[in-house]
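Quick note: the coordinates plus some simple rules give every number you see, no bench work behind them. All of these numbers come straight from a predicted model, not from anything done at the bench. Cβ coordinates were reconstructed from backbone atoms using ideal geometry, including for glycine residues, and neighbour counts include every protein chain displayed.
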Amino acid sequence: MTTTQADDELWSAIADPSRRRVLDLVVRNGEVSASWLAGRVPFTRQAVAKHLVVLEQAGLVSRRKQGREVLYQVDADRLDQATRALADLAAQWDRRLGAIKRLAEAAHAEAKKKRRP
Amino acid sequence: MAGLVIEREVVIEAPAEVVWRTITEPDQMTQWFADRVELVIEPGAHGYMGFGDQGGPVVVETVDPPTRFSFRWNHPPGEGPVAGNSMLVEFTLTPEGDERTRLRVVESGHELRDWPDAEKQRYADEHRGGWVEYLDRLASVLVGRKS
C-alpha cells in the first residue's frame, strides 16, 4: 500500500466530523455559498471558511465567483475516486478477514477431529 | 494516509484462542497477510513485513490475548512510527459463545483516542457503518441529484 500526499490530504479532509458535515451539505445542495452553509451548521462562519479551504485543497470541492458571491460545489470525479480507493482498501481487508476465517475454522475443525477420533 | 479509517468485521466459527493464533503467529500471518513476516508478538517489538519485493517495518503496540492485538505500519523509512506518520491496525476479538468469535479490524491514521470524548462519541455515532458507507452514501446522493 503506497501513500501519497494527495491521499493524505483527502483522508485528512474527510476525517474531521465537522468538515464531513460541510461536505454533506455541499453534496446535497449543489452550488452553495459559505454564508448559506454557515446558517446551517452549529459553528462559526470562520470555521466554515476554514473547512472549505481544506476541502478545496483536497480537491473535493471547487469554487467559482458569481457576481460578489463565491459558490462552492463538489468535485464528483474526486469524490468518486475517493470512494473507489476506500472500497479497494476495504475489499483488501475483507479478503484478509476471509482468509483468517478459513484458516481459523480449518484449524478448529482439525483440533476437534484429533480430540474425538 | 493520516486521516484514513477503515473498519471491517467477520464472524468466525472458532474459539477466540484459535483466531488469536491465526492473526498473531508469524507462520499463520504469511497465509493471510504478508509474504514475509518477521515479528515478535510483544508490545514495542520492531519487525518487518514483506510483500513481494516491497515491504516495511512494523511495530507492535497492544498484545492482550485473546482479545486485542494492534500494530503500526506504513511509517516513512528511517522514522519511528508515531501518531500521524503511520497507520494503526487494531484487531478486536469478541467471543460469541464457545465456538464463535467476532473479529473486527480497524485501520486508521487518525488518532481517535486523542480526541475529546464527546467528539469520539459523535464520530462513532456517525460512523457505525464506516467510511465506505459514508462515501457511498455521498456518491449516491450526487448521482440522485444529477438524474
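Listed here are the residues, each with its yes/no results for (1) within 9 Å of another protein chain (Cβ to nearest Cβ); (2) within 18 Å of A:ARG102 (Cβ to Cβ); (3) in a strand (DSSP E or B).
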{"residue": "B:ASP27", "(1), (2), (3)": "no, yes, no"}
{"residue": "B:GLN31", "(1), (2), (3)": "yes, yes, no"}
{"residue": "B:TYR48", "(1), (2), (3)": "no, no, yes"}
{"residue": "B:ARG72", "(1), (2), (3)": "no, no, yes"}
{"residue": "B:HIS75", "(1), (2), (3)": "no, no, no"}
{"residue": "B:LEU93", "(1), (2), (3)": "no, yes, yes"}
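I'd like the full set of residues that are surrounded by fewer than 18 Cβ atoms within 10 Å (Cβ to Cβ) and either among the small types (Gly, Ala, Ser) or out of contact with any strand residue (DSSP E or B) (no Cβ under 7 Å at 6 or more places or on another chain) (or both), limited to the range A:97-108.
Correct list: A:GLY98, A:ALA99, A:ARG102, A:ALA106, A:ALA107.
Determine, yes or no, whether B:LEU93 is in contact (Cβ under 8 Å) with a residue 24 or more places away in the chain, hydrophobic (A, V, I, L, M, F, W, C), buried (at least 18 other Cβ atoms within 10 Å of the Cβ) and farther than 28 Å from A:ASP8 by Cα.
yes
Conditions tested, residue by residue: (1) among the polar types (S, T, N, Q); (2) within 14 Å of chain B (Cβ to nearest Cβ); (3) within 10 Å of A:TYR72 (Cβ to Cβ); (4) over 19 Å from the mean Cα position of the chain (by Cα).
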residue: A:ASP8; (1), (2), (3), (4): no, yes, no, no
residue: A:SER12; (1), (2), (3), (4): yes, yes, no, no
residue: A:ARG21; (1), (2), (3), (4): no, yes, no, no
residue: A:VAL27; (1), (2), (3), (4): no, yes, no, no
residue: A:VAL32; (1), (2), (3), (4): no, yes, yes, yes
residue: A:LEU37; (1), (2), (3), (4): no, no, yes, yes
residue: A:ARG40; (1), (2), (3), (4): no, no, no, yes
residue: A:THR44; (1), (2), (3), (4): yes, no, no, yes
residue: A:VAL54; (1), (2), (3), (4): no, yes, no, no
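Quick test for you: out of B:GLU42, B:GLU7, B:GLU13, pick the one residue that is more than 9 Å from chain A (Cβ to nearest Cβ) and either under 17 Å from B:ARG104 (Cβ atoms) or surrounded by fewer than 20 Cβ atoms within 10 Å (Cβ to Cβ) (or both).
Among B:GLU42, B:GLU7, B:GLU13, only B:GLU42 is more than 9 Å from chain A (Cβ to nearest Cβ) and either under 17 Å from B:ARG104 (Cβ atoms) or surrounded by fewer than 20 Cβ atoms within 10 Å (Cβ to Cβ) (or both).
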